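Student: Pasting in a structure now, in structure tokens, and then I'll have a few things to ask.
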Amino acid sequence: MTTLAYPDAYLARHCTDEREARALEAVDELGTFAAGWRDRLAVLQCYIIVCLECQADPEDLFTTKLKTYRSEFDRQLAMARAATPDAAGSAFVFSIPLERG
């Protein structure tokens, strides 16, 4: 029995215990997140796994949902990282180093 809530009714029936476990493991490999973010990311990751494993045609609904959920996962991951404090207690700050060529 899965432990997470899957609001996408179409994909929820495909979110098995095994897929959920793989999704949680994949999210855990990305780091430790503030409360709530791990589950939110795991639901999206599980949807991605379902879509990858169930798509049968480049034009089917799984393919369309895959594109949407990959994009949403990337967006939520960035938000989760920004909301997660580091060891010193401050949130991560993203910056791009400038270098002269």
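Student: Could you say whether any residue in segment 12-24 is among the hydrophobic types (A, V, I, L, M, F, W, C), surrounded by fewer than 11 Cβ atoms within 10 Å (Cβ to Cβ) and farther than 20 Å from Pro85 by Cβ?
Tutor: No.
Student: Return yes or no: is Ala5 of a type in the set (Gly, Ala, Ser) and either surrounded by fewer than 13 Cβ atoms within 10 Å (Cβ to Cβ) or modelled with pLDDT under 95 (or both)?
Tutor: Judged against the criteria, Ala5 is a match.
Student: In the set Asp39, Asp60, which member is at pLDDT 95 or above and of a type in the set (Asp, Glu)?
Tutor: Residue meeting the stated conditions: Asp39.
Student: It is to be established whether one or more residues within segment 64-78 are at pLDDT 95 or above, assigned to a helix (DSSP H, G or I), closer than 20 Å to Thr3 by Cβ and of a type in the set (S, T, N, Q).
Tutor: yes
The values are calculated or read from the model by the stated rules, or taken from the named source; none is laboratory data. All values derive from a computational prediction rather than experimental measurement. FYI the Cβ positions are ideal-geometry reconstructions off the backbone, even for glycines, and counts take in every protein chain you see.
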